[in-house]
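Remarks on the structure that follows.
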Amino acid sequence: MSRTPMKLILTQEVSGLGAPGDVVDVAAGYGRNYLLPRGFAMPWTRGAEKQIELIKRARAAREIRTIEDARVAAGQLERLTVRLTRRAGSNGRLFGSVGPSDIAAAVRHAGGPEIDKRKIAVPDPIKSTGAHRVQVRLHPEVNASVTVEIAAG
C-alpha cells in the first residue's frame with residue numbers, strides 16, 4: 001500500500017484544503033476518488049501549472065476584491081431577511097429541500113449582494129419551514145450570517 005502524496009491543482013474552493021489555483025499535496029486515494037471525479041481538482045503537470053494563472057485571474061474577477069468590500073457585503077447580508085415559499089406538509093416539513101443555490105437566488109432577488117452559491121455553508125439541507133441562520137464566507141477573514149425564512153405555500 002503506497003502512501004505517496006498526489007500533487008493536484010484545485011479548480012474550486014475545497015473547505016480546509018485551499019482555493020482555486022492552489023497546488024496541493026493530498027493522499028492519493030483522496031485525490032483519485034474524491035477531488036478528481038467531482039471536478040474539484042486537476043492533475044498537476046508543467047502544462048497545467050501554466051493554467052493556474054488563468055484560474056487565479058478568473059477567481060479575482062469574481063471574488064469580492066478587498067476585505068472592506070467583504071465587510072460592506074457582510075453588513076448588507078446581516079440586515080437582510082430572505083424569504084422563500086415552498087410546498088410543505090401539514091407538519092411544516094418541506095417537499096424537497098432548500099440548498100445553497102436557492103438561497104443565493106433569493107438573496108439576489110431580495111436586493112442583496114451577488115454571492116456565489118459555493119460560499120454559502122448549509123451543513124444539512126433545510127427541510128422545514130421557519131427561520132434558519134446560514135453562514136456565508138465572503139472573504140477568507142470575513143463571514144456573514146443570513147436569516148432565511150421559509151414559508152409553506
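The numbers here are math on the coordinates, done by the rules we state, and not lab data. Everything quoted here is computed from the prediction, not taken from an experiment. Because the Cβ atoms are built from the backbone with ideal geometry, glycine has one as well, and the counts that use them run over all protein chains shown.
Here the chain is scanned for trypsin sites (Lys or Arg not before Pro) in DSSP loops (not H, G, I, E, B) that have at most 11 other Cβ atoms within 10 Å, and the longest stretch holding none of them is 88-153. With the cut-off at under 18 Å, measuring from each backbone N in region 121-153 to a point 7 Å along the Cα-to-Cβ line of Ser101 picks out 121-127. The structure shown yields Cα Rg over 2.2 N^0.38 Å, and of the options (1) 0.98; (2) 1.61; (3) 1.24 that calculated value carries the label (3). Mind checking which aspartates and glutamates have their Cα closer than 20 Å to the Cα of Lys50? Skip sequence neighbours fewer than 8 apart in that chain. Within the straight-line limit of under 20 Å, Lys50 reaches these aspartates and glutamates: Glu13, Asp22, Asp25.
The slack in the chain from Lys56 to Lys117, taken as 0.36 nm per residue of separation less the alpha-carbon distance, amounts to 20.1 nm. Excluding same-chain neighbours fewer than eight residues apart, the lysines reachable from Lys56 by a Cα-Cα span under 29 Å are Lys7, Lys117, Lys119. Summed over qualifying helices (DSSP H, 4 residues or more, each -39500 (n - 2.57)) and divided by its residue number, the chain shows a 222 nm mean residue ellipticity of -8500 deg cm²/dmol.
For region 123-128, 3J(HN,Hα) computed residue by residue from phi via the Karplus equation (6.51, -1.76, 1.60; θ = phi - 60°) reads x, 10, x, 7, 10, 9 Hz, glycine and proline entered as x.
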